[in-house]
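The values are calculated or read from the model by the stated rules, or taken from the named source; none is laboratory data. Everything quoted here is computed from the prediction, not taken from an experiment. Here the Cβ positions follow ideal geometry from the backbone for every residue, glycine too, while neighbour counts run over all protein chains shown. All accessible areas refer to the heavy atoms of the entire protein, side chains included, with ligands and DNA or RNA removed. Shrake-Rupley method; radii C 1.70, N 1.55, O 1.52, S 1.80 Å.
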Amino acid sequence: MEALQTHQLTKKYGKKTVVDSIDLCIPQGTIFGFLGKNGAGKSTFINMVTGLIQPSSGSYEILGHPQKRLDSIQKEIGVLPDYSTFYDDLTAFSHLNYFQKLLKQSLSKQDILHILKQVGLEGAEYIKVKKYSFGMKKKLGIAQSIIHQPKLLFLDEPTSGVDANAVLNIHALIKQIAAQGTTIFLTSHNLNEVEKLCDEIAIMNKGGIQTQGTMKQLQEQHQQDIVIHIHHRPLYEQEQSELQNSFKGLAEKIQIGDTTSEFTVQTKKLIPQVNKYFVRQDIDVFRLEVEEASLEEIFLNLK
Amino acid sequence: MFTVSFKEFKNLFTSIRSILMIVVLFGVTVGAASLVRQFEAPLQKLGLGDDAYAMGLMLLLILAAPLFVTSLSHNTINKEMDTRTIRFLATKTSRNNIILGKFIGSILFWGVCITVALLLIVPFSKSFSILNLVQSIIFVSYFIGLTLFLSTIISNPSLSMFLGIIISIALPVLGLWSTGTDNLFVKAIGYVTPYFYYMQEEAYDYYVYFVAVFPILFILLSLFIFRKRDL
């Protein structure tokens, strides 16, 4: 059983197609990253699969349940919407208490305080939300989404507007939740965050999924250049020219320096070849670094 | 559903507008009761007897309840949509529970207010009329259902407040006018206001219970629309 499966899921507003025929399959127990520029359709997609907005066409299943029975599995999904506003006159504790009653949970006062502590709202539990900063509201948003230990958790931009320390705490919390078996669907603008946390990534553009796979698969699919940096002993002129000739035609670009050389290649297969060459020629290598395309580079290269 | 009801009930009791409303309701009721007490003898002669107190409250509700209800409940649903707090509710409970919960919470609030108002006039009237209480709640439920419906179909809280005020002025005028006119158009409108049913002669007192059908219709329509709505 998949955590989420969509079939040609589409949302149109008038003539504008915001989400275009998305077929997505998310296995249980993964942290799935959903990337895309502003207006790519990420939040609309989340809002559709969490039942907040109606699809124009297509269908989806959550944890094996068809969309028409979404009401019956609300206890199994947690949602942090993209824009979190709360009841100004309630405290964080009152919010969670209200939400847990809506979900028919029976959490004790200690349980609620523990969740608030987990998200970093310790000491602010009984302060009215109108006095909260944006980041604190975001933390409360995360708290309300995990109050019932959902099997599938949708987090729409969980760390946007949150300070660096809190980001680290939220990342740790996401990993902890995932370790307990919860499937996490995460959208973010922060590419490092997605790269760091997610097992699988989909990049959305203009309403459709442009590419999808694990980080390794994406790097392979969209690899532009791999740069091999080698720090070695000083080379004689003859050694430099031999090196240049040996890799001519194999590497895209070769820069031989006195103690550092750089090979720009298109395939990882050349990495051991370069290494072996230095060993064969009895050239001491002090350090070898491989610079691969980051998710950010892949993302920026997608049109 | 009852969690939503209880929150709505609590919200209504804690807002400044509702506190003002309760003060007005009780103040006018007690004031009217004291006034009626001064004219006890002539009223007895007119056959109004002790019911005059309860009638005073009923008259106040008939004329002012639409405005009271509209001003308090015009944004029951669309405020949550405007602030997007509805997204937290709709991902935790069914949309039916939200609409029904809000309706029950409002009914409870007005039920408590009217009960307390009727209890306040007990020292004057020496009686507590359950019938009056039920009829008053049915009357108010018409407007609660109507404002909930408006709040569901209109996204903008300011617009629903404006329309609510227009309707709360127009309905009593049209409703009362329809009871004493031969104009077919006005008469036809009269049938969809509670006034036609509340202004019947004593023999047709049971007509008031037909009014309970209207809030049910408003709620069903609200449910139908709200279930299809993008939040």
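Specify the angular offset, from 0 to 90 degrees and rounded to the nearest 10, of the alpha carbon long axis of helix B:51-73 from the longest principal axis of the alpha carbons in chain B. Around 20 degrees separate the two axes. Just checking the listed ones, A:Lys248, A:Lys117, A:Lys130: in the Gaussian network model of chain A with Cα springs under 10 Å, the one fluctuating most is A:Lys248. Summing Cβ point charges (Lys, Arg +1; Asp, Glu -1) relative to the Cα centre of the protein assembly as shown gives a dipole of roughly 1200 debye. Can you give the alpha-carbon Rg of the range B:141-231 over 2.2 N^0.38 Å, where N counts its residues? Rounded to two decimals, the normalised Rg is 1.21. Three semi-axes describe the equivalent ellipsoid of chain A; taken as square roots of 5 times the Cα gyration tensor eigenvalues and ordered largest first, they are 47, 24, 16 Å. Interface B-A: total buried accessible area of about 2300 Å², 1.4 Å probe, protein heavy atoms only.
Here is the size of the protein assembly as shown from its Cα atoms: Rg then Dmax, 33.4, 129 Å.
Relative to the longest principal axis of the Cα atoms of chain B, helix B:16-38 runs at roughly 10 degrees. Separation of the range A:42-66 from the range A:207-258 is 43 Å, based on Cα centroids. Of the accessible area of chain A, computed with a 1.4 Å probe over protein heavy atoms only, carbon and sulfur atoms account for 46 percent. Using amide H atoms built 1.01 Å from N in the peptide plane, name the residues 5+ places from A:Gln28, or on other chains, whose amide H lies under 5 Å from its own. Sorted by chain and number, the residues that satisfy this are A:Ala3.
Pairs with C-alpha atoms separated by more than 22 Å, drawn from the list A:Lys37/B:Lys228; A:Lys101/B:Lys10; A:Lys16/B:Lys92, are A:Lys37/B:Lys228; A:Lys16/B:Lys92.
For A:Met204, nonlocal amide neighbours, meaning residues 5 or more places apart or on other chains whose placed amide H falls under 5 Å from its own, are A:Leu35, A:Gly36, A:Gln210. Within the accessible area of chain B, the carbon and sulfur atoms contribute 71%, probe 1.4 Å, all protein chains present.
In terms of the mean number of neighbouring beta-carbon atoms within 10 Å, the peptides B:140-150, A:272-282 order highest first as B:140-150, A:272-282. Rolling a 1.4 Å probe across all protein chains gives A:Ser59 an accessible area of roughly 40 Å².
For the range A:175-206 versus the range B:161-215, the spacing of their alpha-carbon centroids is 58 Å.
Where nothing but the Cβ of Lys and Arg (+1) and of Asp and Glu (-1) is charged, how large is the charge dipole of the range B:2-228 around its Cα centre, in debye to the nearest 20? The dipole magnitude comes to about 1060 debye. At the residue level, A:His231 shows approximately 50 square angstrom of accessible surface with a 1.4 angstrom probe and all protein chains present. Taking the Cβ of A:Leu4 as the center, what net charge do the other residues with Cβ under 13 Å away carry, scoring Lys and Arg +1 and Asp and Glu -1? Taking every Cβ under 13 Å from that of A:Leu4, the sum is -4.
Screening chain A for DSSP H helices whose Cα atoms reach 20 Å or more along their own axis and whose mean Kyte hydropathy is at least 0.0 gives A:164-179. Derived scalar couplings between HN and Hα for the range B:94-110 equal 6, 5, 4, 4, 5, 5, 5, x, 5, 5, 5, x, 5, 4, 4, 4, 5 Hz in order, rounded to whole Hz, by the Karplus curve 6.51 cos²θ - 1.76 cosθ + 1.60 (θ = phi - 60°), x for Gly and Pro.
In order along the range A:73-86, phi translates into HN-Hα couplings of 10, 4, 5, 9, 10, x, 9, 10, x, 5, 10, 9, 10, 10 Hz, rounded to whole numbers, per the Karplus curve 6.51 cos²θ - 1.76 cosθ + 1.60 with θ = phi - 60° and x for Gly and Pro. A simple charge model with +1 on the Cβ of Lys and Arg, -1 on the Cβ of Asp and Glu and nothing else charged puts the dipole of chain A at about 1440 debye relative to its Cα centre. Solvent exposure of the range A:1-96 amounts to 41 Å² per residue of accessible area, where only protein heavy atoms count and the probe is 1.4 Å. Computed over the range A:19-126, the Cα gyration tensor eigenvalues convert (square root of 5λ each) into semi-axes of 30, 17, 14 Å, ordered from largest to smallest. Restricting to DSSP H runs of at least four residues, report the calculated mean residue ellipticity at 222 nm for chain A, -39500 (n - 2.57) per run over all residues, nearest 500 deg cm²/dmol. Only helices count here, giving -9500 deg cm²/dmol.
For the range A:181-269, the extents of the C-alpha atoms along the principal axes are 58, 24, 22 Å, listed from largest to smallest.
Helix B:213-228 against the longest principal axis of chain B: what's the angle in degrees, Cα atoms only, rounded to the nearest 10? On a 0 to 90 degree scale, this one is about 10.
Would you mind estimating how fast chain B diffuses translationally, via Stokes-Einstein at 37 °C and 0.692 mPa s with the Kirkwood radius over Cα pairs, in µm²/s? Stokes-Einstein gives a translational diffusion coefficient of 177 µm²/s. Diagonalising the gyration tensor over the Cα atoms of the range B:64-161 and scaling each eigenvalue by 5 before taking the square root yields semi-axes of 31, 14, 10 Å, largest first. Solvent-accessible area per residue in the range B:2-228 equals 47 Å², computed with a 1.4 angstrom probe and all protein chains kept.
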